[in-house]
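The values are calculated or read from the model by the stated rules, or taken from the named source; none is laboratory data. Small disclaimer: the values here were computed from a predicted structure and weren't measured. Quick reminder, even Gly has a Cβ in these numbers, built from the backbone with ideal geometry, and neighbours come from all protein chains shown. Just the protein is used for accessible areas: all its heavy atoms, side chains included, with ligands, DNA and RNA removed. Shrake-Rupley method; radii C 1.70, N 1.55, O 1.52, S 1.80 Å.
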Amino acid sequence: MLRALLTLFGALMLFAFLGVGGVLYVFYQFGRDLPDYHQLADYEPPVMTRVHAGDGRLLAEYAIEKRVFVPIGAMPKMVVRAFLSAEDKNFYNHPGIDFMGVARAAITNVRNLSTNRRLVGASTVTQQVAKNFLLTNEVSWERKVKEAILAFRMERAFDKDRILELYLNEIYLGFGSYGVAAAALNYFNKSLIELSIAEAAFLAALPKAPNNYNPYRHPKAAHARRDWVIGRMLDDGVITSDEADRARSRLLAVRQRSATEFVKAPYFAEEVRRELAGRYGEDKLYKGGLSVRTTLDPKLQVAAQNVLRRGLENYDRRHGWRGPIVRLPIDSNWREQFSVMKPPAGMQGWKLAYINAADDKTAQVMLQDGSRGLIPLAELKWARPWQKEQKRGPAVRRATDVLAVGDVVAVETVTADKDGKPLPEGIYGLRQMPDLEGSLVAIDPHTGRVLAMAGGYSYEMSEFNRVTQAMRQPGSAFKPFVYLTAMNSGYTPSTLILDAPFVIDQGPGLPKWRPANYTKKFYGPSTMRLGIEKSRNLMTVRFAQTIGMEKIAEYAQRFGIVGKMQQQLSMSLGAAETTLLRLTTAYAMLVNGGKRIIPTVIDRIQDRHGLTIFRHDTRSCDQCRATFWTNQPVPAVPDIRERVADAASAYQVVSMLKGVIDRGTGRRIKDVGKPLAGKTGTTNKSIDTWFIGFSPDLAVGVFAGFDKPRTLGRREQGASVAGPIFRDFMKEALADKASIPFRIPPGIRMVRVNSRTGRLARPGERNIIFEAFKPGTIPSGRGEVLQGQSAGADVEDTGTGGLY
């Protein structure tokens, strides 16, 4: 008997030794090449980057996985306990593997095998973290062994709360939800703290198979699984029996997440995205959880988008009808084809209409909702046929001159005629998407903050940003920097320049260059002010030759208009290509007194922990951080902006540009009724049109032109295309602002002069203005007339003209 006991004991010891050895071998064999779990100590789950407008409203979100990270200490205990009851009730007591749970699962699975029921698992939260972060989803016993080894190691390296925090913020719970906070929003439109017991139990029911418990596709299974979790919470003492009964009695009501209100500024948002990606890389942009405060003013942005679209549409109507969107065959299938037709990209506020009848006076239309209406002849008068070179065909006399049965067109509801008289319901006007493109940008001239940016008619039509990416010739919009060079060279706005024919011999084999004024006329000796107000090309070229293109090129580079300008006289008329943002920033540096600014779309960037990692304003001001006001003086913030031009010279140019609006090519802008200054710009054959201008505290630039350069039409120019857009934007932007005059720097004297001759005003003279002079430059008599040099022969032949 004793011998048998010894034999049994020896056999047990042998099996125990072999078992321990086997376990050690498995740990050694499978634990050698496991991933480094220490990386989880500093692991931060991918979190979306959120971009906000200047008023704090959301502008854009960038993420691969839309996750809201919540620290474990900030999660409601009831939510945490619900997940532990459902997934791992012994989490705070086991070493990474729940041996009792494994035993229960084994016994349960033996029973389930005999009844063909689904097998159950016993993975702990720690094992799930190991699988989700460090392993694959491969179904094999090898993966389970590695999972167990990693779970043991992780439990020794991290505290329980860190493991649970990783789990609750990482798990996928369906509906595009990564982590419990995102799931609470997506399923119930609530934050974690607002969840009821029933709602928390439902979320805790999802980790195993969120698709199987989708409340829309599998409502019974979802309800049953939620109630099972509620039962587990009751068994674990998390809730009382009364709370469990109330939770079970509640319907599983999923509430769609409230639509997030976004400020719509797609061109601006894309510019921000590009800058963030360039500064930090795509990985940090989409996973780094950055919080970005931008410079965007939503009110100005809405105005920019609306006036740009309206201005381009108004131009388009002046140049005729290019035809219907599509013409459907007149057969029995047209209704079906029309009902599923989608509007063209970028069409906003208009409707698609099918022309089902037309006569001399009206065209009958049917909309996609089945309603009917009329387009009267008066709403078709503008639609003369488009012709090459932006010309128009014969006048419209009948509705059938424009529309035919089968045409699909864009229409807009019209409620009153051109005289303001009300029209009956069902009256529509014919509309057309413009093929002209344009852009508008608004900048704070003192800081460089971009307040609004509309890079085209529609982002859906074209993502190309014509504010920052379109390189075009500015034409006469460049002239202020020629005249600024003059002011810094000792000349004054009253300096006389000869306006007469000018010819340059460009060398052997090349034609002579003969710039001309837009009017093709010559005006003799004229003041520099008159030259810029009336945009005289010949005066500008003569002056550029007098002071030298080298100086002008240096100022163009100093103001950031072009990197390196060719030193040719045609450059003085705006032949060097630039972008709207660069040119508008240069104008902003005129009105701010000649201080350098760097345009920016971002004010501040914070990382996921709230640490500021970028600020556009780099000035230091310790006194600005005071928590309370105790009658201390206002902090003096240093001005660290570099000076790029003399303040007095800059003001003289501002004063002349104000004259452009008061008396010159920008007279249409006077309707705004506030102190404004600016300059038109038009290139040869009216290919590019501009208006750049400013108030004392707002600089705005407008560009309009075809993406594939071609003429806008013989009579179109900056004043007729870009100017009205600038005017309408300024009306809205300055509507609630006080009328502030331009700030006069120290050293400038305002003297009464004759606006045409530039000489001191005499009693009884008309056309008197106040002119800006530096000390010692006030004219005392008739000054010298700058004539420049005209090389070559045949000076009376003006040719086809230059830029204007």
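Overview of values
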item	result
Region 765-780: number of residues that are open to solvent by 60 Å² or more (accessible area, probe 1.4 Å) and out of contact with any Leu (no Cβ under 9 Å at 6 or more places or on another chain)	5
Filter result (modelled with pLDDT under 95 and of a type in the set (Val, Ile, Thr)) within region 656-668	665
Residue within region 543-563 that is aliphatic (A, V, I, L, M), crowded, with 21+ Cβ neighbours inside 10 Å, at pLDDT below 95 and more than 30 Å from residue 465 (Cα to Cα) present	yes
Count of residues meeting criterion [touching a strand residue (DSSP E or B) at 6+ places or on another chain (Cβ under 7 Å), open to solvent by 20 Å² or more (accessible area, probe 1.4 Å) and either charged (D, E, K, R) or on the phi > 0 side of the Ramachandran plot (or both)] in region 288-311	2
Criterion: assigned to a loop (DSSP other than H, G, I, E, B) and open to solvent by 40 Å² or more (accessible area, probe 1.4 Å) - qualifying residue of 264, 220	264
Selection count where residues are touching a strand residue (DSSP E or B) at 6+ places or on another chain (Cβ under 8 Å), part of a loop (DSSP other than H, G, I, E, B) and open to solvent by less than 80 Å² (accessible area, probe 1.4 Å), scope region 737-755	4
Filtered residue count, region 394-410, keeping only those that are open to solvent by 10 Å² or more (accessible area, probe 1.4 Å) and of a type in the set (Asp, Glu)	1
Single residue of region 489-534 satisfying the filter (open to solvent by 10 Å² or more (accessible area, probe 1.4 Å) and under 38 Å from the mean Cα position of the chain (by Cα)) that is nearest to residue 647 (Cα to Cα)	534
Selected residue (only one of 494, 526 is among the hydroxyl-bearing types (Ser, Thr, Tyr), more than 23 Å from residue 561 (Cα to Cα) and in a strand (DSSP E or B))	526
Region 312-349, residues that are assigned to a strand (DSSP E or B) and open to solvent by less than 70 Å² (accessible area, probe 1.4 Å)	321, 326
Residue, least open to solvent (accessible area, probe 1.4 Å), within region 679-728, restricted to residues that are acidic (Asp, Glu) and under 25 Å from the mean Cα position of the chain (by Cα)	688
Test: residue 508 is free of Cβ contacts under 8 Å to residues at least 40 places away in the same chain and either out of contact with any Ser or Thr (no Cβ under 7 Å at 6 or more places or on another chain) or not acidic (Asp, Glu) (or both)	yes
Region 377-393, subset closer than 24 Å to residue 711 by Cα and in a helix (DSSP H, G or I), residue most open to solvent (accessible area, probe 1.4 Å)	388
Residue match in region 176-194 (condition: assigned to a helix (DSSP H, G or I), over 15 Å from residue 76 (Cβ atoms), touching a residue at least 60 places away in the same chain (Cβ under 8 Å) and not hydrophobic (A, V, I, L, M, F, W, C))	yes
